[in-house]
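The block underneath contains the structure these notes are about, expressed in structure tokens.
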Number of protein chains: 2
Amino acid sequence: MTQDATEDRVLAAVRERRELVNDAIEEELPMAEPERLYEATRYILEAGGKRLRPTAALLAAEALADVDPRSADYRSFPTLSGGSFDLMRSAVSVEVIQSFTLIHDDIMDEDDLRRGVPSVHREYDTETAILAGDTLYAKAFELLSDTGADPANGLEAVNLLASTCTRICEGQALDVDFEGRDDVTPEEYLEMVELKTAVLYGASAAIPAVLMGADDEVVDALYQYGVESGRAFQIQDDVLDLTVPSERLGKQRGSDLVEGKETLITLHARQQGVDVDGLVSADTPAEVTESAVDEAVARLEESGSIAYAREMATELTERSKRRLAVLPDNEARTLLRELADYLISRGY
Amino acid sequence: MTQDATEDRVLAAVRERRELVNDAIEEELPMAEPERLYEATRYILEAGGKRLRPTAALLAAEALADVDPRSADYRSFPTLSGGSFDLMRSAVSVEVIQSFTLIHDDIMDEDDLRRGVPSVHREYDTETAILAGDTLYAKAFELLSDTGADPANGLEAVNLLASTCTRICEGQALDVDFEGRDDVTPEEYLEMVELKTAVLYGASAAIPAVLMGADDEVVDALYQYGVESGRAFQIQDDVLDLTVPSERLGKQRGSDLVEGKETLITLHARQQGVDVDGLVSADTPAEVTESAVDEAVARLEESGSIAYAREMATELTERSKRRLAVLPDNEARTLLRELADYLISRGY
């Protein structure tokens, strides 16, 4: 298949699962009292998102169970020992955790917008946002502790999700800390990205395997698949901000640079002696010209910083795909490989 | 025994267990990186507290196992089916949840002090406080999912803790909502108190029983014991604020009234036609005189509001103690009964 055809196929797989995940979210997190609290939890869940984490979870389970994609019932999915469990509920639980972190991160980062709409603390208020996050946090554990899987596997999955949450908090704490420092190294930045973002991808791919009773080797491989492709995803985000035309990006190209956001690229450039703070003179993305961004990008190309990030994303993606060798060779596994490719090829 | 002797005995039991719980907290939540984040989690855990919830958990387990108090190893405690589990870890998990709610509540309520020291968001900052709460939240589930109990029981305990957290969030949301309303009924107030505070007492007493493999009847009875004595505790708090001399209270008597805090007593008085807002004219606890408080208390006695709260606390306590009939008749059960009494008799 051509690259475009491959991308179409994985996009179709993502889209198809997104619909099912959205339906399941509605079922698993019904409105309740107090209304304002539950409205706020629905608000973030309905604000969109590609549902990449639950999609990775569903595909990992399908590959491991060696069933044709979409042939088995996600609500009564086969385990490896002949039982069944609610795979969809476990997939929803990771998306719910993701939503909780978005709400709390937006409060901490004072971000007013999320997915093009006001963030929860802006649409409601900070109190409601803190509580909506805390409620989703609890709901995720309610869901994951009630999948009908073998209890020993269920408990292990809960433990994995809980330790993943601890790591996410550590990553966010590092991110907050880095804002006040000017000596962050690319290595520290990569560790932060791993904790803040990639571990939840890892947990998403690994949790279904845990629930199905897979060997540790398989669980670990799926976890690493998720962590590595998740890291690649975040690094590529920084590359795309500089290289994808503004109209495709949906925002001004180079806005990270204008806003002074530190990325793997800027940190690498600093190490190469580039005056990163002087790369663009505009103070807001609205003021910057395309030619000014072009010049800045040229400077970052020269220092090898964009290539450095791009190569790292590619290398991590390749490594993540090799992890899938532990799975049976089937269509779902191919889709997982393509999903990893898509994470760094997506033109937004 | 005289009432004083009984109180001495239960206080000794609480004190003894508090020391052990404090040691276990230190072991289970060691310092880690990033330092500032973990310092903030330690800060709240070390700020004190009577550890009443873990104490209730330990006593409930001892009563149920029918062992002499403090005779069994809390780290390798007998289940009802001949196994063993880490009871202390489960007791710590509820205290850790309690600490997380205190941190987030203080942010929401803009409370600058907690247990006589600056609250976490004042000592550190709001970002760190949100994250410290989120980290403790995760740690509680890490701990509870790793007690070595039978996995089916472990998973049920996790589910109970998670649904309890959901209820706590609902209770806090009601509390925030009530601040903007002037038509809250005593019934609504009681529901809020149950959700915000009492359910965690319920979970504290019930979780060890779940982990030990007790029948649903026993689990439910212990849960109700905790909920009812927890509700009594909160109601009595409001009574004590008006009736215990300032020097014993450690703060100005009647400060709830001065600060316009709505309680079961003020809500009842409003229903009786008392002009609650005009009861004291002082704006801060420092300005109010003892005689002004005396007059306000006399007015609330007249309307039957203090008696109403006091009777409700007593009635709930009696009901909570009757729940313990499902347990073997032993010393730990007696201590649980006395603990319920202590919760409403304590003179601070």
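The values are calculated or read from the model by the stated rules, or taken from the named source; none is laboratory data. What you see is a predicted model; the values in this text were computed from it and never measured. Glycine also receives a Cβ, built like all others from the backbone with ideal geometry; neighbour counts cover every protein chain displayed. With ligands, DNA and RNA removed, areas are computed over all heavy atoms of the protein, side chains included. Shrake-Rupley method; radii C 1.70, N 1.55, O 1.52, S 1.80 Å.
Miscellaneous remarks
- Cβ-Cβ under 8 Å pairs, at least 6 apart or on other chains, the stretch B:54-79 side at negative phi, far side open to solvent by 20 Å² or more (accessible area, probe 1.4 Å) and at pLDDT below 95: none
- Apart from one condition, residue A:86 fits all of (1) among the charged types (D, E, K, R); (2) more than 14 Å from chain B (Cβ to nearest Cβ); (3) more than 21 Å from the chain's Cα centre (by Cα); the exception is (2).
- Top-ranked residue in the stretch A:319-345 [being in contact with a Phe, Trp or Tyr (Cβ under 9 Å, 6 or more places away or on another chain) and at pLDDT below 95; ranked as most open to solvent (accessible area, probe 1.4 Å)]: A:344
- Of all residues making up the stretch B:198-219, the number that are assigned to a helix (DSSP H, G or I) and within 13 Å of residue B:60 (Cβ to Cβ): 14
- Only residues that are touching a Leu at 6+ places or on another chain (Cβ under 7 Å) and not in a helix (DSSP H, G or I) were counted across the stretch B:238-273, and they come to 2.
- Summed over the stretch B:125-169, residues that are within 21 Å of the chain's Cα centre (by Cα), facing another protein chain (nearest Cβ under 8 Å) and open to solvent by 30 Å² or more (accessible area, probe 1.4 Å) total 2.
- Subset of the stretch B:161-192 (residues that are in contact with a Gly (Cβ under 9 Å, 6 or more places away or on another chain) and either acidic (Asp, Glu) or within 21 Å of residue B:55 (Cα to Cα) (or both)): B:164, B:191
Matching residues to (1) outside any helix (DSSP H, G or I); (2) over 30 Å from residue A:332 (Cβ atoms):
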{"site": "A:72", "(1), (2)": "yes, no"}
{"site": "A:101", "(1), (2)": "no, no"}
{"site": "A:146", "(1), (2)": "yes, no"}
{"site": "A:182", "(1), (2)": "yes, yes"}
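- Test: residue in the stretch A:46-60 that is crowded, with 21+ Cβ neighbours inside 10 Å, over 21 Å from residue A:15 (Cα atoms) and touching a Leu at 6+ places or on another chain (Cβ under 9 Å): no
- Condition check for residue A:277: open to solvent by 20 Å² or more (accessible area, probe 1.4 Å) and not in a loop (DSSP other than H, G, I, E, B): yes
- Qualifying residue in the stretch A:114-135 (condition: assigned to a strand (DSSP E or B) and basic (Lys, Arg)): yes
- Scanning the stretch A:172-186 for residues that are within 9 Å of another protein chain (Cβ to nearest Cβ) and either touching a residue at least 24 places away in the same chain (Cβ under 8 Å) or open to solvent by 30 Å² or more (accessible area, probe 1.4 Å) (or both) turns up A:172, A:176, A:177.
- Selection status of residue B:116, at pLDDT 95 or above, small (Gly, Ala, Ser) and open to solvent by 10 Å² or more (accessible area, probe 1.4 Å): no
- The one condition in (1) touching a helix residue (DSSP H, G or I) at 6+ places or on another chain (Cβ under 9 Å); (2) surrounded by fewer than 23 Cβ atoms within 10 Å (Cβ to Cβ); (3) over 30 Å from residue A:152 (Cα atoms) that residue A:220 fails to fulfil: (3)
- The stretch B:29-45 - residue that is open to solvent by less than 30 Å² (accessible area, probe 1.4 Å) and touching a residue at least 40 places away in the same chain (Cβ under 8 Å) and, of those, farthest from residue B:324 (Cα to Cα): B:37
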